[in-house]
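Here the structure is laid out as structure tokens; the discussion comes afterwards.
The values are calculated or read from the model by the stated rules, or taken from the named source; none is laboratory data. Model, not experiment: these values are computed from the prediction. Here the Cβ positions follow ideal geometry from the backbone for every residue, glycine too, while neighbour counts run over all protein chains shown. Quick note on the areas: whole protein, heavy atoms, side chains included, nothing else; ligands and nucleic acids left out. Shrake-Rupley method; radii C 1.70, N 1.55, O 1.52, S 1.80 Å.
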Amino acid sequence: MATPVRSNSRLSLAMERTDQWVFSQDIPTDVVVVVCEATFSLHKFMLVAKSNYIRKLILESKEPALTKIDLSEIPGGPEIFEKAAKFCYGVNFEITVHNVAALRCAAEYLQMTDVYCDYNLAGRTEDFLAQVALSSLSGAIVVLKSCEDLLPLAEDLKIVQRCVDVISLKACKEANFPSRTPPNWWTEELSILDIEFIGRILSGMKKRGSKALTLASALITYTERNLRDLVRDQSGKCTKSSDSDDPNLFARERELLQSIVSLLPSEKASFPINFLCCLLRTAIFVNASNSCKNELEKRISVILEHVTVDDLLVMSFTYDGERLFDLDSVSKIISGFVEKEKNMAVFGGADCKGSYSAAMHRVAKTVDSYLGEIASYPDLTISKFNGIAILVPKGARKVDDDLYRAIDIFLKAHPNLDEIEREKVCSVMDPLKLSYEARLHASQNKRLPVQIVLHALYYDQLKLRSGVNDQPDAVATRSQLQSDVSLVRENEALRSELMKMKLYISDMQKNQGSSTKGIAAAAAPTTTGSRKHSFFSSMSKTLGKLNPFKHGSKDTFHINDNIGVDITKPRRRRFSIS
């Protein structure tokens, strides 16, 4: 008995089992069948009895005694050929949902059909497909999964289409009337299939009347399972793309994502916005095609009013959270939403400049809060910051408090900006639309340009004069400011009186110039023998002459120093309290 040739001195367990049932025969083997790296020593007459393909090879061979046959192209490889050989020898083996498609393809390849021999392998596998494998949703999914390595023969034999039809029909039933828990268990099992098969199944489900939400649920589960490291899993968290030594992994992930996006149902609101945002972040990360990113941007812009700040941050940062993306997608999404709102206002006959929808107000608040989150990153430029801020119409902001907070964070994170650059950052904000608390903070904020602070203070004055109550305890504050205004007016009056007094003194100096000279000439003979007056004494007397009260009762200028004063005479108490 010939000894089979072993590859690398080792054979698989399947080959060893084959040796056992082949070697038990009393007739020596006369042909060696090569399947890839495995070899089988078999008998020609046993193979020819069931396989028309092998019979033709032997008959058409130019060699008088064919001793070697190469069947490396047989579907399923050595393990499936082993089972086909067992069938030829009449040895029992198990047909399962995992190998039935490969056995059916191998039977077709070896021409082991019922046309050549009754109850052949092809008939056995067909019976198993119809009665067992395709009778359940799970079985059909497993069979379809095994067909991925059997193309195009499995497609030609209609195995793929039969599986797709069964899965589409049973998935629709499970979506409407779940037979197991959890209700979406079938979406989990679909996730093992190739994306091309998923597309065909979803198309079949849509033809059978499945709703867009059902199709979206299947796609979401599929995406989370096959792009686990790039998109959100069931915990709602995003993780960094796993490092791999496979250089083609990145390209495969990009192709898979583009295929998933192409399968999204036409209904724009069928997917949750956080899932779409995560898909867009993945598309940016894997450098997907522009058409893929544009499709996701359009879908997000349609339902932007439901977006949260966290969702916008998901598609703004890299997976490590340390670096901002280009932010072009965020700008396109906001622009698309604003344009949609304008079109709706025009078709609705409303004035888009005078009034905005509640959705527009929500988006404006979300965008301002989003700017506050990204403002602290040093690589965010003024042009990018302002570019996003001005996308929202100014009228859509009821108050600019959130925008002011974002501007303040930006100025704090970029301390080296000059006055002109700071004014440029603040140009997107209307200081007159700040609340009282924000204006109070702005009036004391040293990071703001002086012009912005003056605007805030001036607006407070206008508010108080008009009597508008927009701050806490407005009555007390208004009274205090009114008192301050009165005090300012009194100071102005006193300043005016002081100026009048200065003018009066100046006039007196001019009028009394000549009289001063006369008095000095008359007093010269009487003071000849006396001591000479000092400079300070003369100056003191001169200033005394300018006393505006010299004609009153308090004037002492006319009293001579040589005349005595009667100290016994009581003082006048005209201004005394007593």
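For the reader, a short list of remarks on this structure follows.
- Number of residues in the range 144-197 that are in contact (Cβ under 8 Å) with a residue 12 or more places away in the chain and assigned to a loop (DSSP other than H, G, I, E, B): the value is 7.
A quick yes/no check of all residues on (1) touching an Asp or Glu at 6+ places or on another chain (Cβ under 9 Å); (2) at pLDDT 80 or above; (3) over 27 Å from residue 393 (Cα atoms):
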position	(1), (2), (3)
420	no, yes, no
441	yes, yes, no
451	yes, no, no
475	no, no, yes
479	no, no, yes
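- Entry remark, the range 154-184: residues being open to solvent by 50 Å² or more (accessible area, probe 1.4 Å) and in contact with a Lys or Arg (Cβ under 9 Å, 6 or more places away or on another chain) number 3 in total.
- Any hit, the range 118-131, residues being hydroxyl-bearing (Ser, Thr, Tyr), surrounded by 15 or more Cβ atoms within 10 Å (Cβ to Cβ), assigned to a helix (DSSP H, G or I) and modelled with pLDDT of 95 or more: yes
- Residues in the range 405-419 that are within 17 Å of residue 443 (Cα to Cα) and over 27 Å from the mean Cα position of the chain (by Cα): 419 only.
- Residues (assigned to a helix (DSSP H, G or I) and within 12 Å of residue 400 (Cα to Cα)) located in the range 429-441: 431, 432, 433, 436, 437, 438, 439
- Per-region count, the range 198-208, residues in contact with a Cys (Cβ under 7 Å, 6 or more places away or on another chain) and either touching a residue at least 60 places away in the same chain (Cβ under 8 Å) or open to solvent by less than 70 Å² (accessible area, probe 1.4 Å) (or both): 1
- Candidate set from the range 220-258 (those that are among the basic types (Lys, Arg), modelled with pLDDT of 55 or more and closer than 20 Å to residue 315 by Cβ); member that is most open to solvent (accessible area, probe 1.4 Å): 228
- For residue 37: the one exception among (1) modelled with pLDDT under 80; (2) surrounded by 13 or more Cβ atoms within 10 Å (Cβ to Cβ): (1)
- Test: residue in the range 334-344 that is buried (at least 21 other Cβ atoms within 10 Å of the Cβ), within 14 Å of residue 428 (Cβ to Cβ) and modelled with pLDDT of 90 or more: yes
- Residue in the range 60-72 that is open to solvent by less than 80 Å² (accessible area, probe 1.4 Å) and more than 17 Å from residue 30 (Cβ to Cβ) present: yes
- Whenever a residue of the range 362-391 is farther than 14 Å from residue 405 by Cβ, its partners that are among the acidic types (Asp, Glu) and open to solvent by 30 Å² or more (accessible area, probe 1.4 Å), lying with C-beta atoms within less than 8 angstrom and at least six residues away or across chains, give the pairs 362/305; 363/305; 382/421.
To keep it simple, each residue is scored yes or no on (1) modelled with pLDDT under 90; (2) surrounded by 18 or more Cβ atoms within 10 Å (Cβ to Cβ); (3) out of contact with any Phe, Trp or Tyr (no Cβ under 8 Å at 6 or more places or on another chain).
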residue	(1), (2), (3)
385	no, yes, no
389	no, yes, yes
395	yes, no, no
400	no, yes, yes
431	yes, yes, no
448	yes, yes, yes
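- Residue within the range 356-376 that is open to solvent by 40 Å² or more (accessible area, probe 1.4 Å), at pLDDT below 95 and on the phi > 0 side of the Ramachandran plot present: no
- Here residue 49 fits the description: modelled with pLDDT under 95, surrounded by 14 or more Cβ atoms within 10 Å (Cβ to Cβ) and touching a helix residue (DSSP H, G or I) at 6+ places or on another chain (Cβ under 8 Å).
- Residues of the range 311-325 that turn out to be part of a loop (DSSP other than H, G, I, E, B), open to solvent by less than 40 Å² (accessible area, probe 1.4 Å) and not hydrophobic (A, V, I, L, M, F, W, C), as a count: 4
- Scanning the range 132-153 for residues that are closer than 29 Å to residue 57 by Cα and open to solvent by less than 70 Å² (accessible area, probe 1.4 Å) turns up 146, 147, 148, 150, 153.
- Pick from the range 402-429, criterion basic (Lys, Arg) and surrounded by 15 or more Cβ atoms within 10 Å (Cβ to Cβ), ranking: nearest to residue 375 (Cα to Cα): 405
- Residue list for the range 288-318, restricted to those being over 13 Å from the mean Cα position of the chain (by Cα) and either of a type in the set (A, V, I, L, M, F, W, C) or at pLDDT below 90 (or both): 288, 292, 302, 303
To keep it simple, each residue is scored yes or no on (1) under 24 Å from residue 324 (Cβ atoms); (2) buried (at least 16 other Cβ atoms within 10 Å of the Cβ); (3) in contact (Cβ under 8 Å) with a residue 24 or more places away in the chain.
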| site | (1), (2), (3) |
| --- | --- |
| 260 | no, yes, yes |
| 268 | no, no, yes |
| 299 | yes, yes, yes |
| 309 | yes, yes, yes |
